[in-house]
Amino acid sequence: MPVTDLAKQAVNFCKDNDLPTIYRAVKSTDAHPLVQFVKYGICGVIATVATQGVWFICIHTIFPAVDGMVVDGEVIDKTLRAKNSTYSNIIGWSFGNLVAYFTNLAFVFKGGRHSKWKEFFYFTGVSLFATVVGLAAGPLLIEKFGIHTYVSQLSLLVTAVFVNYACRKFLIFKS
């Protein structure tokens with residue numbers, strides 16, 4: 001079904017119903033596909049803020065990785081930036097994965113296709129795969145092309161969004 005038809009259906013549903021009915025539909029895991037995608041996006045933003053917040057704190061404290069940052073009287077080089085950004089991403093991803101799992105389960109998808117442990121394992125595995133692909137690209141972009149750390153981080157996010165949604169929607173959760 002074309003996206004324009006989905007959008008028309010969603011608009012018509014909102015026109016034809018009162019706020020409590022719309023609220024119940026949005027809250028439901030059986031929500032209209034467009035509403036489900038918007039909810040997924042909101043959960044993704046929450047998980048991304050958690051992940052990137054932890055990453056940001058780490059690259060400014062535990063694992064210095066900011067362009068021009070001085071450590072022990074010397075500006076850190078791009079090799080150390082790449083390595084430290086990767087370490088910080090691993091820590092951030094661990095926290096963000098938990099946030100993503102629980103928000104997706106609470107607001108977007110129905111569990112039950114697999115046992116809870118399998119579901120979490122598959123969810124984490126897909127997330128890990130998407131992150132590893134992005135993590136491989138990030139340091140390569142920093143070291144080989146000298147791009148800014150923040151730009152390489154954006155490539156990680158874009159890759160992860162596409163891989164995660166498709167796998168979560170069609171392989172992990174019921175709907």
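Below is a table of values for the structure above.
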{"quantity": "Between helix 116-145 and the chain: long-axis angle, C-alpha atoms, 0 to 90°, nearest 10", "calculated": "40 degrees"}
{"quantity": "Cβ-placed point charges (K, R +1; D, E -1), dipole of the chain about Cα centre in debye, nearest 20", "calculated": "720 debye"}
{"quantity": "Cα centroid separation - segment 1-70 against segment 76-128, whole Å", "calculated": "16 Å"}
{"quantity": "Distance histogram in 5 Å bins (all Cα pairs of the chain, percent per bin)", "calculated": "1, 8, 15, 17, 15, 12, 10, 8, 6, 4, 2, 1, 0, 0"}
{"quantity": "Local electrostatic count, Phe109, Cβ distance below 12 Å [Lys/Arg +1, Asp/Glu -1]", "calculated": "+4"}
{"quantity": "Stretch gain in nm, segment Thr86-Leu157, where the contour uses 0.36 nm per residue and the Cα spacing is subtracted", "calculated": "24.2 nm"}
{"quantity": "Efficiency of FRET from Cβ geometry, Asp18 and Lys110, R₀ 22 Å, rounded to 0.05", "calculated": "0.30"}
{"quantity": "Lysine pairs in segment 3-172 with Cα atoms under 24 Å, if 8 or more residues apart or on separate chains", "calculated": "19"}
{"quantity": "Contour excess over end-to-end distance, with Cα ends at Ile62 and Val133 and 0.36 nm allotted per residue", "calculated": "23.2 nm"}
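Here, each number is a calculation from the coordinates, and none is a lab measurement. The shown structure was predicted, so the numbers you read here are calculated from the model rather than taken from an experiment. Every residue, glycine as well, gets a Cβ built from its backbone with ideal geometry; the counts of neighbours run over all protein chains shown.
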